[in-house]
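The values are calculated or read from the model by the stated rules, or taken from the named source; none is laboratory data. Predicted model only: the values in this text are computed from it and were never measured. For neighbour counting, all protein chains shown are included, and Cβ atoms are generated from backbone atoms with ideal geometry for every residue, glycine included. Each accessible area value is taken on the protein alone, full model and side chains, heavy atoms only, with ligands, DNA and RNA left out. Shrake-Rupley method; radii C 1.70, N 1.55, O 1.52, S 1.80 Å.
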Amino acid sequence: MKLLMMLVAVLAPVTLGDPAQEARAQALEMEIRCVQCQNEPIAQSTADIANDMRALVRDRIAAGDSDDQIRAFFRQRY
């Protein structure tokens, strides 16, 4: 049980402190598709790359990027 709790803590995304930013992150994570799964949003994908992409969404929101800037970043990068 303890191992399961540690695993969930490691895999869970960092929650943004501002509820508006958290809502933006969740919306973008449902919109942006996993580059490995292709038809699955990164919010639902279990692929390692999707986990990295979720972290990038949250990092860029915390850095002050707009939703359009984040979308452009992912279009250019992937």
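Observations, loosely collected:
- Residues in the range 32-53 that are within 16 Å of residue 68 (Cα to Cα) and free of Cβ contacts under 8 Å to residues at least 40 places away in the same chain: 33, 53.
Every residue, every condition in (1) at pLDDT below 95; (2) open to solvent by 50 Å² or more (accessible area, probe 1.4 Å); (3) within 19 Å of residue 75 (Cα to Cα); (4) part of a helix (DSSP H, G or I), yes or no:
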| position | (1), (2), (3), (4) |
| --- | --- |
| 16 | yes, no, no, no |
| 26 | no, yes, yes, yes |
| 30 | no, yes, yes, yes |
| 37 | yes, yes, yes, no |
| 51 | no, yes, yes, yes |
| 55 | no, no, yes, yes |
| 60 | no, yes, yes, yes |
